[in-house]
Structure formats: structure tokens, C-alpha cells
Amino acid sequence: MDKVLARGSGNPAARPRARTALTLAVAGVAVVAATVTVASSASAGTTLGSAAAESGRYFGTAVAAYKLSDSTYVGILNREFNMVTPENEMKWDATEPSQNQFNYTNADRIVSHAQANGMRVRGHALAWHSQQPGWAQSLSGAALRSAMTNHVTQVATHYKGKIYAWDVVNEAFADGGTGARRDSNLQRTGDDWIEVAFRAARTADPGAKLCYNDYNTDGQNAKSNAVYAMVQDFKARGVPIDCVGFQSHFNSASPVPSDYQANLQRFANLGVDVQITELDIEGSGTTQADNYGRVVRACLAVSRCTGITVWGIRDSDSWRASGTPLLFDGSGNKKPAYTSVLNALNGGGTPPPTTAPPTTTPATTAPPTTPPPSGNGCTGSLTLNQWQGGFVTYVRVTAGANPINGWNVVLTLPGGATITNTWSAQPSGTTGTVNFRNLDYNGSIAPGQSTEFGFQGTGVGPSGTATCSVR
Ligand code: G3I
């Protein structure tokens, strides 16, 4: 299935620049093959962060506090990345070495560095079976449950307002084909420990996105199915969860799955953001570069894939250094994998709505995140991703009881907000009240089904609902 889409072509002010034709051809999977030709007025980003920002995404890295005195390391960090994840410094053993005595020294160094250099922070991780302090490892039952809740509350409160997203719970499911929870001291306190952690985090820092994060969930398998069922259940019961992190540690024994994009998309269809949180791919040269490119393009093809974090800067910084899995060599030189990632970020332009989906998730069959209207017409519901100085708003257009063949969404931007980029709709302007009209390919929506468009801008973005009418 090939689809060719020209985006932004209706904007007379734009100087469309045909970008690289991306061909996602995944060996052995006939359904995932798409060509996306993108025309956009945006200029190509020259760094990972600026290229990702063109489509409203971030590009981050894991950071170790003790390396912040290494000038080569810091030079690359400050030049290339706009999100950081403390590699170890926010973990339970680091932040609460003795019960109820908190030490934020190293984590604070990373947060301060990020803030001073215009980067955001992913918090990692509040509740995890690993890297617990000794005192917690020896607890069980109600005492452990209470200690965990206190830990989540204290740490999330300390960083309140400073964290873009928290990995609230990390790696809670077992490997293998059972789909069971991982056995751990936390799990033995009762199945509900995960939702207790999420509720405590929401109470402590209502502004942070709350994520579940895991590995070996990058393709569809028993483990990712179990996480999927948990997220579905949380959404149904109102347990606060906003995002799912896919660690994406790859090597020859655990390659990039052929259904990587489809797996991201099915989670996104549950109404959560998805993020690639700890990316590294062992290897070298063209093969490694190609694999990195595939991963980046998969994220770009999923509108709710909001960003990518690599798990370290130079190969020598990696927890798997011998596998040379990162984008810079030990001397800090850009590897072919770097160029592949940058090209993919620039080629991707704006988040395709449903432009290059595997055929398993066609554009208009994603479940609506809001109940469809019972009558005719359509509704428009907004999801806002806001950061200091900028925003991305996603608008889900849902058909009512009858099929529609064209739609208009009207919304009013807050004063001072200016749209810099729109995808999957044609805007009438960039400020004030803006009318967004469907493009040729996404005007038809079946009853109760939906499609999504989005826009990026400066200032404070709109949220809530928008007026939707049928054309
Ligand atoms: O700081 C001590 C040092 O004082 C001591 O001399 C040395 C001796 O072993 O250990 C040092 O601590 C190590 C720490 O990294 C900092 O380098 C720990 O032993 C080591 O276990 C720890 O490894 C971290 C690992 O998580 C622990 O599980 C890696 O750096 C970190 O990259 C890795 O990250 C995890 C994510 O959090 C979750 N997903 C998987 C990912 C990779 O394992």
C-alpha cells in the first residue's frame, strides 16, 4: 500500500520544499510499506533537538550528573538535546538512601543544568523493583506499600512543576509468554500497587505527564499485550495515566520489531502519548544507521509519539559501551547513525496523522477519545502539549451518528499565540480565531469514528473543545 501525501501545499505563504521520500519497508511484513512525500515551509533542523522540534517533538538523552564536568559531553548535550533523563540520579536508591531522608543533590544538578539550558526533564523512575535502597528491599506488605507511596509523593513533590513526564512505574511486567506481572516485593504488596503509585504521583504533581515505562514491549507480544490491557483498564477506570514509554534497547538478539510502528500506534489509540524512552541500538555503520532511521520514522508516523530519548550521548557513556549503541563515538564525533536520525527527523516534517499506518490501523478506525455525539455532525476535542514558550495541540474530530464527508473546526487561540505549523488540516490563519478545514484524504469519517490533525505554535496553546461542523 503506497500513499503519497503533500502536506502544507495549500498554504500560499509557504514555499513548499519537497522533502526526502521516506520508504518504510520492513522486511517480512507486507503491510508496512508507505511512501510519504512531505512539503513544508519549515527549515531543516541542524541538531537533533531542533529537527525534532519542527514537528513538536523533543529529542532527549540520558544524562549522568558526574559527567556534567566533562566539556566534550556537555558541549554535545547542550548543542543537540532538548530533553534530559537522569540516568540513575532520580532512582529510589539515589533519592532516599535512608528511609524518609531524601538526597536530591545529583538529580538537582541535572535539573538545574536542564533548566539553565532550555531543556525539559523526564523523571526516571518513581517506583521500580530494581535499584531500591537496602532498607526498602527488606520491607514487605503494608510497610513497603506505605514507604513506596511516601517515596512517590515526596520525590514528585520536590520536583513539582519541573518535570515534563515521570516514569511513575518502571518494568512491572514479566518477560516471556505469560503476560504476568513481574514478581517483586512491590508486586507482592498487591496488584493495585501500580495504580496507587500513579494516583500518588498525580496528587503530588498534577502538571506532569505520568508514564508507564518498560522494555521488550516494543512490538506486539504477550508482555506488551499485558501492558496494553493495563492501560486500557486504567483509562476505563479513570486511573491517571498519560503516556507509555517504550525503552527500545535493541541488539541482534532483540532487533527492532517489524511491527514497531503498529505497536506504538495501538497504544496511542488508547488515548495516551507514547514516547521512546531509552533508545540504543548495538552495531555500527549502515546497518545501525538504518535501524535508527526506522525507529525515528516510526515515531514520526504516530502523531502521539511525542519524543525520543537515547540512553546516553557517546558510545563510551552507554551501559552497553562494548556494543557501541549510540549516536556519537567515544571521541564525540557524529556517527552514521546520527546522520540517519537527523535526516529522518527532517524528512518527517510534521506528525502525520495517520499517513503511513500499517493497514491494521486505518485512519478513521482509531477509537475516539471522547464519546461520539449521538446526533449528526461532529465534535472536536483538543489535547494540549504545552511547554514554556510553545505548544502542540492535537484535535480529534469525531463523526456523529451519520457519516461525514468534510469538516470544519473553528477555535480561538489565546492572545499572543501564533501557529507556526499545521498538519492534516488547512488553517485559515495563524492567530485569533482559526478555521481548520479537512484535507482531501481525511474528510470522510464513518459514524462514531475519528481522525486527528494538529498544529504547533508559540505562546500558550488552546485546549478543551472546539466547534466542529460538517461541510
Ligand atoms: O556509582 C557506583 C560506583 O560508585 C561504584 O563504584 C560502581 C561499582 O559497580 O557502581 C556505580 O553504580 C552503577 C551505576 O549504574 C552508575 O554507573 C551501578 O553499579 C550500576 O548498576 C548502574 O547501572 C545502571 C542500571 O540502570 C541499573 O539498573 C545504568 O547506569 C543505567 O543505564 C541503567 O538504566 C536502566 C534504566 O534505568 C531502566 N531500563 C534499563 C536501563 C538499562 O539497564
Partner aspartates and glutamates for K235 [C-alpha distance under 20 Å; skip if fewer than 8 residues away on the same chain] = D167, E171, D191, D192, E195, D205, D214, D273, E452
On full extension of the chain, what length is gained from A116 through A222, given 0.36 nm per residue of separation minus the C-alpha to C-alpha distance?
-> 33.9 nm
Calc'd 3J(HN,Hα), the range 211-226, phi into Karplus 6.51 cos²θ - 1.76 cosθ + 1.60 (θ = phi - 60°), Hz, glycine/Pro = x, comes to 10, 9, 10, 7, 10, 6, 10, 6, x, 7, 7, 4, 5, 5, 4, 5
Do the alpha carbons of any pairs in K209/K335; K91/K209; K160/K209 sit beyond 21 Å of each other, and which pairs?
-> K209/K335
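Rounded to the nearest 20 Debye, what is the dipole magnitude of the range 65-143 about its Cα centre when Lys and Arg each give +1 and Asp and Glu each give -1 at the C-beta?
Result for the range 65-143 is approximately 180 debye, rounded to the nearest 20.
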Highest first, please rank the peptides 192-203, 132-143, 54-65 by the mean number of other Cβ atoms sitting within 10 Å of their residues.
-> 54-65, 192-203, 132-143
Once the in-chain neighbours fewer than 8 apart are removed, the lysines whose Cα is under 25 Å from K334 read K67
The alpha-carbon center of the range 124-193 and that of the range 277-311 are separated, in whole Å, by 27
Which whole-Hz ³J(HN,Hα) couplings does the range 317-322 yield from phi under the Karplus relation 6.51 cos²θ - 1.76 cosθ + 1.60, θ = phi - 60°, glycine and proline marked x?
-> 8, 7, 5, 10, 4, 5
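Bear in mind that the values in this text are calculations on the coordinates, not laboratory data. This is a predicted model, so every value here is computed, not measured. For neighbour counting, all protein chains shown are included, and Cβ atoms are generated from backbone atoms with ideal geometry for every residue, glycine included.
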